[in-house]
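The block underneath contains the structure these notes are about, expressed in structure tokens.
No lab work stands behind these numbers, since they all come straight from the coordinates. This structure is a prediction, so every number in the text was calculated from the model and none was measured. Heads up, the Cβs are rebuilt from the backbone with ideal geometry, glycines too, and the neighbour counts pull from every protein chain shown.
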Amino acid sequence: MPPAVVEVPERVHPGDAEDQGDEEQPAVRRKGGPADRVVHLPSPEFAPRPSHGPVPSEKHMAAPCRSPHDPGARRILIRMSKNMTDEPADAVESLVSLLDSFDDLPAAAGLRTLSYRLLGVAPGATVVDVGCGAGRAVAEMAELGATAVGVDVDERMVATARRRRPHADVRLGDACDLPFGDGELTGYRAEKVLHDLADPARALAEAARVLAPGGHAVLIGQDWDTFVIDSDDPELTRLMVHARAGTVPAPLAARRHRNLLLDAGFEDVAVEVRTGVFTDVTALPMLTGLAGAACSAGAVTRERADAWLAEQAERGRAGRLFLAVPLFVASGRRP
């Protein structure tokens, strides 16, 4: 069966429509005027950078920014596949290996490349990747000539990043109390981070503090209340999606990216969308995690969740599964 294709109209960063070459996003073609184009995203090849949710993520931030109801802000990849809140001792290494398989995908690399372009990553730039995980983005930005620093709250993840990328500058830190002086940086990057914070606005105020005038911030994340799933029981599906969103400290942070940047004083704010579409069994771990979280929250019984998952598994085997996850990319300039 050929890969599924979705056409997604998206907003192009002002002034960059002609510069945003298809070599960075090989599955993209422009449509209509300079501010519109269509992205063709094959499934299951397309997987946005593994996220704290439908797609696994390296992100999790420091205690002062985390919700007290999210113990340890554990990697959701583990939660979604096993519905766990505690991890085995080797969970970080296992997770990083799995994240690598997602980050190696061309579409994931293209999303990172987009963020670097929006940040103006080049020789002379000084940028931070907040919630850097194992440090891939930090290393890639350094290879482009920037002075790149990664910040993560997880001591084990920082240790892993330092071991795997000994030349990368990776530090233990908090999104709301970054280890930089006022106006020290030209770029701020946060991928799938803000949803994990109890107060995303505080993190954006910190971003504005550490950026020099003219510096850029780029935010990447998914809206946890926007999983588009085909099901024979749409009412139950909506219930489980909302219940899963309720377990995240700031589930609507991604739809607030634009206003968060504006409220923090950023200018030239723009938003783009990348949508992942999954049509086969590749999506089942994501759906299993969603159902498991809804059960743990007491929103549905295990029997109803199991029946729902059985339907999704059959859809996957028949090539009739449909899951779409939009990913929002927002950027702004500090005046």
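Distance from the alpha carbon centroid of region 167-215 to that of region 242-313 works out to 24 angstrom. Extension gain for Arg163-Thr113 works out to 15.6 nm (0.36 nm per residue, less the C-alpha to C-alpha distance). Multiplying the residue separation of Glu93 and Asn259 by 0.36 nm and subtracting their alpha-carbon distance yields 56.2 nm. Peptides 257-265, 121-129 ranked from most to least packed, by the mean per-residue count of other Cβ atoms within 10 Å: 121-129, 257-265.
Packing around the peptides 171-181, 301-311, taken as the average count of other Cβ atoms within 10 Å per residue, puts them in this order, highest first: 171-181, 301-311.
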